[in-house]
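*Asks:* Pasting in a structure now, in structure tokens, and then I'll have a few things to ask.
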Amino acid sequence: MRGLEARVRAVLDRHLQPGSPRPIAVALSGGGDSLALTLIVDRWARDAGRPLVILTVDHRLQAAGADWTRACADVARRLDRPSRALAWEGEKPATGLPAAARAARHGLLADAAREAGARVLLMGHTADDILEAGRMRAAGATTPDPRTWAPSPVWPNGRGLFVLRPLLGAGRAELRDWLRARGETWIDDPANLDPSYARSRARAQSAGGEEPAAACEAPPSPDIWTEDRGIVRLDREGLRQASAEAAARLIAMACVCAGGGVRRPAGAHVARVADRLRGSGAFVATLAGARVMADAEQVFIAREAGERGRGGLMPVTLSVGQTAVWDGRFAVTCDRSDQTLRGLSGVARRLPADQRRRLTDVPAGARGGLPALVDTEGRVTSPVLAGVPGVTVVSLIGERLAAATGQVMREPD
């Protein structure tokens, strides 16, 4: 087997662009995994001519957190790399703390990486994390395996950002041996031994010689979808030709993206919908905030307009020159201050005549979830049905779904 550093560098070569002036970001907690990653990535970046920024998150959960942050800053100074300390401020939840901390960490890191101009954030998950995720699922959790390359789980502030985990082919013991051989020391977080957390219990299980699992990458979903005006279209014959697992995965991701949310629907619900869609009959369902509409040949997946009654599709007042992300689906920039962005449901009759005609080309169940601009005089227009002077609208759904289905496997230019 090749040495640790050579294997990690091969992953970096596969996914990153050498020579790009754009920085890459690495998350450093001070633990052995992230420290080994930072040191290896630093050397790769110097050889590749890439800037590197080091990001550290203090969750404000440990008394020693400030000391750990300073230790990470010391590593950055030693490497002569810029660093940034981030903190999860505010009240912490009484239950579900690990999940909340993970979400906060991803959010802070995504914001900082984007502000630095990075398109890739490197994280130090290992083969042991895959083992632990499997043990947690066996105990009833829904924890997914970490993936080597995946879009940021944070939305919409993580848009355009990818997470790269190049250590998934290595175990913690190998990483610590590598660090000891170089005279490095690291921080051990006592929370990793706290049996009140499912992750800690999974970590504490003795596997009796069990080998860390290799990273398991799901094959790319079949290339059977298109996106237009915020509506995802799937070819039903393509769904039937795909494996049941691949079809269900594509349908789940398409619903999350078209619905603008972040939470994947329950697996059993997805499986039932996928089974119907792989058939031939007409079918309508809702999933993850999206409406699924199937005729004999195609599936249309669009935002469920009924979410407006449950607090979704909330109006946004646009600020001049600033880009607003509406409903997790559209990025809109406007040079006027009298525009409110909302769902089309309830105001479609006030569209100009030419836009009402174009609206008939949109599946009826998808119309209410389209974006509409309303000015102070009550005039309505939809920027996805016709160009609006001074307004730029970009659908985020297609790019997001392409990333989620593995069609983007290398750092964007």
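*Asks:* How would you order 233-239, 176-182 from highest to lowest mean count of nearby Cβ atoms within 10 Å?
*Replies:* My ranking of the peptides, most packed first, is 233-239, 176-182.
*Asks:* Indicate, rounded to the nearest 5 percent, the antiparallel portion of the DSSP beta bridges found entirely in the chain.
*Replies:* Roughly 70 percent of the beta bridges in the chain run antiparallel, per DSSP.
*Asks:* Got the relative contact order for the chain handy, in percent, Cα pairs under 8 Å and 6 or more residues apart?
*Replies:* Averaging sequence separation for qualifying contacts and normalising by length gives 13 percent for the chain.
*Asks:* Continuing with the same structure: What is the helix-to-structure angle for 127-138, meaning the angle in degrees between its Cα long axis and the longest Cα principal axis of the chain, kept from 0 to 90 and rounded to the nearest 10?
*Replies:* Roughly 60 degrees between the two axes.
*Asks:* Roughly what angle does helix 65-79 make with the longest principal axis of the chain, taking Cα atoms, 0 to 90 degrees, to the nearest 10?
*Replies:* The angle comes out at about 80 degrees.
*Asks:* Place +1 on the Cβ of every Lys and Arg and -1 on the Cβ of every Asp and Glu in the stretch 4-204, take the dipole about the Cα centre, and give the residue among 148, 53, 39 whose Cα lies farthest towards its positive end.
*Replies:* Result: 148.
*Asks:* Label residue 353 and residue 377 with points 7 Å out from Cα along Cα→Cβ: what is the distance between them in nm?
*Replies:* My value for the distance between the label points is 1.9 nm.
*Asks:* Express in nm, to one decimal, how much length is gained between residue 338 and residue 271 on full extension, taking 0.36 nm for each residue of separation and deducting their alpha carbon distance.
*Replies:* The residue 338-residue 271 span can extend by a further 19.6 nm.
*Asks:* Taking H as built 1.01 Å from N, whose amide H comes closer than 5 Å to the amide H of residue 286, not counting residues under 5 places away?
*Replies:* 292
*Asks:* Right, next: What's the ranking of 25-37, 326-338, 88-100, 387-399 by average number of surrounding C-beta atoms within 10 Å, highest first?
*Replies:* Peptide ranking by packing, descending: 25-37, 326-338, 387-399, 88-100.
*Asks:* Got the relative contact order for the stretch 4-204 handy, in percent, Cα pairs under 8 Å and 6 or more residues apart?
*Replies:* 24 percent
*Asks:* Quantify how much of the Cα-Cα distance distribution of the stretch 315-397 extends past 16 Å, in percent.
*Replies:* Pairs farther apart than 16 Å: 46 percent.
*Asks:* Quick check for me: using +1 on Lys/Arg Cβ and -1 on Asp/Glu Cβ, what's the dipole size of the chain about its Cα centre, in debye to the nearest 20?
*Replies:* Dipole size: approximately 600 debye.
*Asks:* Now for a different question. How far, in degrees from 0 to 90, does helix 32-48 lean away from the longest principal axis of the Cα atoms of the chain, to the nearest 10?
*Replies:* The helix 32-48 is inclined about 80 degrees to the chain.
*Asks:* Give me the Kirkwood hydrodynamic radius of the chain in Å, from all C-alpha pairs, to one decimal place?
*Replies:* With all distinct Cα pairs of the chain included, I get 23.3 Å.
*Asks:* Select from 167, 385, 122 the residue whose mean-square fluctuation is largest in a Gaussian network model of the chain (Cα-Cα springs shorter than 10 Å).
*Replies:* Highest fluctuation of the listed residues: 385.
*Asks:* To continue, here is another question. Determine Rg/Rh for the stretch 4-204; Rg is computed over alpha-carbon atoms and Rh is the Kirkwood hydrodynamic estimate from the same atoms.
*Replies:* Result: Rg/Rh = 0.93.
*Asks:* Along the stretch 357-363, what does the Karplus equation 6.51 cos²θ - 1.76 cosθ + 1.60 (θ = phi - 60°) give for ³J(HN,Hα), rounded to whole Hz, x for Gly and Pro?
*Replies:* So the J values, rounded to whole Hz, are 5, 5, 5, 5, 7, 8, x.
*Asks:* Relative to the Cα centre, what is the charge dipole magnitude of the stretch 4-204, using +1 at the beta carbon of each Lys and Arg, -1 at the beta carbon of each Asp and Glu, and rounding to the nearest 20 debye?
*Replies:* That gives a dipole near 440 debye.
*Asks:* Where the Cα atoms of the stretch 258-330 are projected onto their three principal axes, how long is each span, largest first, in whole Å?
*Replies:* Extents along the principal axes: 48, 25, 20 Å.
*Asks:* If you stretched the chain out fully between residue 228 and residue 67, how much longer would it get, using 0.36 nm times the residue separation minus the C-alpha to C-alpha distance?
*Replies:* The residue 228-residue 67 span can extend by a further 53.0 nm.
*Asks:* Give the peptides 11-21, 69-79 in descending order of average Cβ contacts within 10 Å, highest first.
*Replies:* Answer by packing, highest mean first, reads 69-79, 11-21.
*Asks:* Follow-up question, since we're still on this one. R0 = 30 Å: FRET efficiency of residue 314 with residue 282, Cβ-based, nearest 0.05?
*Replies:* The formula returns an efficiency of 0.40 here.
*Asks:* Hey, what do the phi angles of the stretch 80-89 turn into as Karplus ³J(HN,Hα) couplings, whole Hz, using 6.51/-1.76/1.60 and θ = phi - 60°, x for Gly and Pro?
*Replies:* 6, 10, x, 9, 9, 9, 10, 9, 8, 8
Each reported figure results from applying straightforward, stated rules to the coordinates on display, with no laboratory input. From a predicted model like this one, the values you see are computed outputs, not experimental measurements. Methodologically, a virtual Cβ is constructed for each residue, glycine included, from the backbone with ideal geometry; neighbour enumeration extends over all protein chains shown.
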